[in-house]
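Below: the structure, in structure tokens.
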Amino acid sequence: MSLNRRTFIKNTALLLGSSLLPYTNLYSNSSKKQLGVCLVALGNYSSTILAPALQLTQHCRLTGIVTGTPSKIPVWQKKYGIPDKNVYSYDTMDRIANNPDIDVLYIVLPTGLHAKYAIKAANTGKHVWCEKPMAKTEEECLSIIKACHKNKVKLSIGYRMQHEPNTQQIIKWATTKPYGNIKTVNAEIGYNVRNPAKSWRLNSELGGGTMYDLGVYALNAARYATGEEPVSVIAEQMTTRPKIFTETDETTHFTLKFPSGIIAQGKTSVGHDMHQLRIDSDNGWYRLQPFSMYSGVQGETSDGKLLNVYIENQQAKQMDDDALSILNNTDVLVPGEEGMKDIRIVEAIYKSAKNKSIINLRS
């Protein structure tokens, strides 16, 4: 799908009917005010992805940190100019309630800790951004939603792909159906991780497991590509390295059936390389391959259209979109209810794989 610059611009303009502009110029109702964002946990995603992305945002900026590792504090302070008064531990983060420099708490902890600290964040009266997957269980998700409602703060889940323009085109086509009725969806995401590092991702109690870590991308894609909620699921899980994957899944395959009859096949693994979202319809097909890379998304259709709109930084756009929903008091793009829908199905996938049975999903 390589293409020269002229062809790229021509095809993208034809497809989207708009000029290619940096994403920060696409907002029509922006505000000069920036929201202060505090990152809760300073692991790899915060340090290598979110903090750098916050240097590119227009509507928010990094103003605080919460960490349980004191040695990280001077490094972050020097790099990002964070004052002592905006540095917290997990035990003191309730004091953020009185800090006007911080408007948003972004929960970037292991999945199994999301509910505890998202609720704690909501209780400070600050808005909550929670990384995906939202939590381990549907019950935990609901507790986060209730805490945010109680404290009258906005809650957004970090599904960056729903902010990405090529993905947004796929979402629109679920409704407009330019290639006729959708018949099947295939969503696969995986990497061949030869020597998995010992980390929380191999710890089931902390919310580890390939289905939680990667599989929610495929699951969420099956839902937004169809615009429907599945009525049943059947799944199987396997491993070729049982000495490593003693608590969590290495590979998960699931089949979703939707009300209209659409069948979606989903697969995720840390033993195989795969990265595709394909939708087959009555009169053609379209796909994104890869469909969730940080470096960009590429796609094509059966009649030669290209889905290759490029944005500088997906996480920066996600955070700017979420900041604007706060500044303009509008609905967030990916609310807690969206994250909870995925976790409800994830729980059913694990149950199906364990019991080797079809699980009917309640509406």
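The values are calculated or read from the model by the stated rules, or taken from the named source; none is laboratory data. Computed from a predicted structure; not experimentally measured. Backbone-built Cβ (ideal geometry, glycine too); neighbour counts: all protein chains shown.
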Which numbered condition Asn329 fails, given (1) more than 28 Å from Ala147 (Cα to Cα); (2) surrounded by fewer than 16 Cβ atoms within 10 Å (Cβ to Cβ); (3) within 23 Å of the chain's Cα centre (by Cα):
(1)
The stretch 162-177: number of residues that are out of contact with any Leu (no Cβ under 9 Å at 6 or more places or on another chain) and in contact (Cβ under 8 Å) with a residue 12 or more places away in the chain
6
What is the one condition in (1) at pLDDT below 95; (2) surrounded by fewer than 16 Cβ atoms within 10 Å (Cβ to Cβ); (3) of a type outside the set (D, E, K, R); (4) more than 20 Å from Val309 (Cα to Cα) that Pro70 does not satisfy?
(1)
Regarding the stretch 121-134, can at least one residue be identified that is aliphatic (A, V, I, L, M) and more than 21 Å from Thr67 (Cβ to Cβ)?
yes
Pick from Ile349, Ile343: which is part of a helix (DSSP H, G or I), in contact with a Leu (Cβ under 9 Å, 6 or more places away or on another chain), in the same structural domain as Val297 (by TED's automatic domain parsing) and surrounded by 20 or more Cβ atoms within 10 Å (Cβ to Cβ)?
Ile349
Selection count where residues are buried (at least 20 other Cβ atoms within 10 Å of the Cβ) and β-branched (Val, Ile, Thr), scope the stretch 304-325
1
Might you check whether a residue that is more than 24 Å from Leu113 (Cα to Cα) and at pLDDT 95 or above occurs anywhere in the stretch 200-222?
yes
I'd like to check something: does the stretch 193-211 contain any residue that is in the same structural domain as Glu300 (by TED's automatic domain parsing) and under 15 Å from the mean Cα position of the chain (by Cα)?
yes
In this structure, does Leu62 turn out to be farther than 28 Å from Glu205 by Cα and crowded, with 24+ Cβ neighbours inside 10 Å?
yes
Please specify each residue of the stretch 279-288 satisfying the condition of being in contact (Cβ under 8 Å) with a residue 40 or more places away in the chain and under 13 Å from Asn166 (Cα atoms).
Tyr286, Leu288
So, restricting to strands (runs of 3 or more DSSP E) that lie completely within the stretch 189-298, which ones have at least 2 residues that are surrounded by 23 or more Cβ atoms within 10 Å (Cβ to Cβ) and among the hydrophobic types (A, V, I, L, M, F, W, C)?
232-238, 251-257, 271-281
List every residue pair whose Cβ atoms lie under 9 Å apart, where the two residues are 6 or more positions apart in sequence or sit on different chains, the first residue falls within the stretch 302-316 and is on the phi > 0 side of the Ramachandran plot, and the second residue, located anywhere, is surrounded by 20 or more Cβ atoms within 10 Å (Cβ to Cβ) and in a loop (DSSP other than H, G, I, E, B).
none
Any residue in the stretch 128-153 that is touching a residue at least 12 places away in the same chain (Cβ under 8 Å) sitting within a Cβ distance under 6 Å of a residue that is among the basic types (Lys, Arg)? List the pairs, counting only those 6 or more apart or interchain.
Glu138/Arg344
